[in-house]
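Chemist: Sharing a structure, written as structure tokens. Questions coming.
All of the numbers you see were taken from the coordinates with simple rules; none came from a lab. Note that the structure is a prediction, hence the values are computed from the model and not measured. FYI the Cβ positions are ideal-geometry reconstructions off the backbone, even for glycines, and counts take in every protein chain you see.
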Amino acid sequence: MIAVQNVSKRYRLYQRPLDRVLDGLSLHTAHPADFWALRNINLRVEKGEVFALLGPNGCGKSTLLQVISGILQPTTGRVLKSGRIAALLELGAGFNPEFTGRENVLLNGEIMGLSRREIEQAFPRIEAFAEIGEFINRPVKEYSTGMYVRLAFSAAIHVDPEILIVDEALSVGDAIFASRCIQKFDELRQRQVTILLVSHDLGLVKRLADRAAFLLNGEIVMQGSPKDAVNRYNGFVLDRESGHKTRPETQSGPPAKSSFRHGDRTSAISQVQLLNRNGDRCAAFQRGDTIVLRVIATFQQPCDQPVVGILIRSRIGMDVFGTNTRIEHIDLGRFEAGETLEVEFELDCLLSRNEYTVTVATQHWNGLSQDWLDDAIEFRVIDTKDLAGVLNLNTRVQHRKLIENATR
């Protein structure tokens, strides 16, 4: 369990190194500026929960992890935590570059409070998970970034932590290692290990986290489901790129189930409809059915070559399929203020049995959002076939028995 209560972290910024010395001697010749990396942070992570922190670089995510880990002391507030903490923070922290991988693992285990016997019992599992071969006996300064992270992550998860803190460490791993880590996270979740995760891989956040928080300028903007936090973060990024601020959802009346809306409102989406092959509204489809997605938008300002896009997501928020009129090489022309556009996307249903949501957007030709509605409408796919994943591809299977030639 982790409880962060009214935590703030202030750094004092001095014009010259000498000013820092003078301030330490209470000789206040110049007043330093205050920079608040964190402001009044309150969050609680329950035992066995996976909690993700999202936000742009410099928003305070790493500082918050360091405060929770005990590396930094908060200026105000306090952190309550129970259980052994294993932290995998910035690359290079915790390992001595002159020591071998084996020596660093032993040292890391002793710092965590394990006996030498416990570390030696766990070492074969650590070595097998890291898969760095003979380099385990070489100084870590000779390691590649991927080798370093694999060993550090393996050491962190095999010391039986009750709280695991990971800061963007998996972004440098290859696909095989990333898949192995995801499986390990699922195993840790089943063992009721509390996990606090920072990652810019939004798909990973939606796949792993139970809850998430979006940080901005050292403050928590929102806490909630990973899907909602990712939508809010994506909206912030797109609005920052376009130079527009997100407007309240009350403007232009978004569909009731839209989880988040943003854009410059050059156009406003008024209707999103799911239809079957006959043009009837439909919320359930079978494999092989035709799905028609209709988007209607009204322009509030003149616009050349607008773009309309769709994005299908699974029930946990994973992106399944997305396209838009620009990708499909369709030029929508020019629209004046007050004119309305209707676009229909016709899709073959190759999805497996599950529930899905559709995100829709109108955009400028350069990709900046006019009106973006996350999870504007939902539907489900009905199928009698049990499959893994989200796609039901047309599968053809051939088989034959091979008999070795007995006469040689």
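Chemist: With +1 assigned to the C-beta of every Lys and Arg and -1 to the C-beta of every Asp and Glu, and no other charges, what is the dipole magnitude of the chain about the Cα centre in debye, to the nearest 20?
Modeler: Working: 49 positive and 50 negative charges, 182 e Å.
With only Lys, Arg, Asp and Glu charged at Cβ, the dipole is about 880 debye.
Chemist: So what J values fall out for the stretch 15-20 if you push phi through Karplus, 6.51 cos²θ - 1.76 cosθ + 1.60 with θ = phi - 60°, rounded to Hz, Gly and Pro as x?
Modeler: These are the phi-based 3J(HN,Hα) values: 6, 9, x, 5, 5, 5 Hz.
Chemist: Hey, how many Å between the Cα centroid of the stretch 302-326 and the Cα centroid of the stretch 330-372?
Modeler: Cα centres, the stretch 302-326 to the stretch 330-372: 6 Å.
Chemist: Sketch the reach of a paramagnetic label on residue 331 as a point 7 Å from Cα along Cα-to-Cβ, and name the residues of the stretch 279-311 whose backbone nitrogen lies under 17 Å away.
Modeler: From the stretch 279-311, the list is 303-308.
Chemist: Next question. Residue 283 label point, 7 Å along Cα→Cβ, cut-off 20 Å on backbone N: hits in the stretch 308-324?
Modeler: Once the point is set 7 Å along Cα→Cβ of residue 283, 311-317 turn out to lie under 20 Å by backbone N, inside the stretch 308-324.
Chemist: Okay, moving on. Please find, in a Gaussian network model of the chain (springs between Cα atoms separated by less than 10 Å), the residue of 215, 311, 332 whose mean-square fluctuation is greatest.
Modeler: In this elastic network of the chain, the residue with the biggest mean-square fluctuation among 215, 311, 332 is 332.
Chemist: Name the shape class, rounded, prolate or oblate, that the alpha-carbon gyration tensor gives for the stretch 162-222, where a ≥ b ≥ c are the square roots of its eigenvalues, rounded holds for a/c under 1.5, and otherwise prolate holds if a/b is larger than b/c and oblate otherwise. Walk me through the numbers on the way to the answer.
Modeler: Details: a/c = 2.10, a/b = 1.36, b/c = 1.55.
In terms of gyration-tensor shape, oblate.
Chemist: Let me ask something additional. Got a sec? Charge dipole of the chain, +1 on Cβ for Lys and Arg, -1 for Asp and Glu; which of 185, 58, 48 is way out at the positive end?
Modeler: 48
Chemist: Separate question: What is the sum of charges, Lys and Arg at +1 and Asp and Glu at -1, for the other residues whose Cβ falls under 11 Å from the Cβ of residue 203?
Modeler: Net of charged neighbours comes to +1.
Chemist: Moving on to the next point. For the stretch 2-228, what does the relative contact order come out to in percent, with C-alpha contacts under 8 Å and a separation of six or more? Can you show the working numbers first?
Modeler: Values: 403 pairs, mean separation 65.2, N = 227.
Relative contact order here is 29 percent.
Chemist: Can you tell which of 135, 212, 159 lies farthest toward the positive end of the dipole of the stretch 2-228, using +1 and -1 charges on the Cβ of basic and acidic side chains (Lys, Arg; Asp, Glu)?
Modeler: Most positive-ward Cα: 212.
Chemist: To the nearest 20 debye, what charge dipole does the stretch 2-228 have about its Cα centre, counting +1 at the Cβ of each Lys and Arg and -1 at the Cβ of each Asp and Glu?
Modeler: On the way: 27 positive and 26 negative charges, 112 e Å.
Dipole magnitude for the stretch 2-228 comes out near 540 debye.
Chemist: Taking the Cα centre of the stretch 118-206 as origin, work out the dipole magnitude from +1 charges on Lys and Arg Cβ and -1 charges on Asp and Glu Cβ, in debye rounded to 20.
Modeler: 180
Chemist: Turning to a different aspect of this structure: Cut-off 10 angstrom, C-alpha nodes, Gaussian network model of the chain. Which of 128, 297, 156 fluctuates the most?
Modeler: Looking only at 128, 297, 156, the biggest GNM fluctuation is shown by 128.
Chemist: Restricting to bridges with both residues inside the chain, how much of the DSSP beta-bridge set is antiparallel, in percent to the nearest 5? If you can, show how the numbers build up before the last one.
Modeler: Values: 66 of 86 bridges.
Beta bridges within the chain, antiparallel portion: roughly 75 percent.
Chemist: Modelled label-to-label distance, residue 178 and residue 115, 7 Å Cα→beta-carbon offset: nm?
Modeler: Placing both labels 7 Å along Cα→Cβ, they lie 4.1 nm apart.
Chemist: On to the next question. Starting from the Cα of residue 227, draw a straight line to each of the lysines and keep only those under 30 Å, dropping any in the same chain fewer than 8 residues away.
Modeler: Filter leaves 9, 47, 61, 81, 184, 206, 245, 257, 385.
Chemist: Just to be sure I understand: with springs between alpha-carbon atoms less than 10 Å apart, which residue in 264, 23, 228 has the highest mean-square fluctuation in the Gaussian network model of the chain?
Modeler: Answer for the Gaussian network model of the chain: 23.
Chemist: Of all GluC sites (Glu not before Pro) in the stretch 316-345, which ones are in loop regions per DSSP and have a Cβ with at most 12 other Cβ atoms within 10 Å?
Modeler: 328, 336
Chemist: Starting at the first residue of the stretch 59-71, write each ³J(HN,Hα) from the Karplus equation 6.51 cos²θ - 1.76 cosθ + 1.60 with θ = phi - 60°, in whole Hz, x for Gly and Pro.
Modeler: 8, x, 4, 5, 4, 5, 5, 5, 5, 5, 6, x, 6
Chemist: Continuing with the same structure: Once phi is turned into ³J(HN,Hα) by the Karplus curve 6.51 cos²θ - 1.76 cosθ + 1.60 with θ = phi - 60°, what whole-Hz value does each residue of the stretch 110-123 show in order, with x for glycine and proline?
Modeler: For the stretch 110-123, the Karplus curve yields 5, 4, 6, x, 7, 6, 4, 5, 5, 5, 5, 5, 7, 4 Hz.
Chemist: Kindly state, to the nearest 0.05, the FRET efficiency for residue 401 paired with residue 14, given R0 = 51 Å and r defined as their beta-carbon distance. All intermediate terms of the calculation are to be shown ahead of the outcome.
Modeler: Numbers: r = 79 Å, r/R0 = 1.55.
Between residue 401 and residue 14 the formula returns 0.05.
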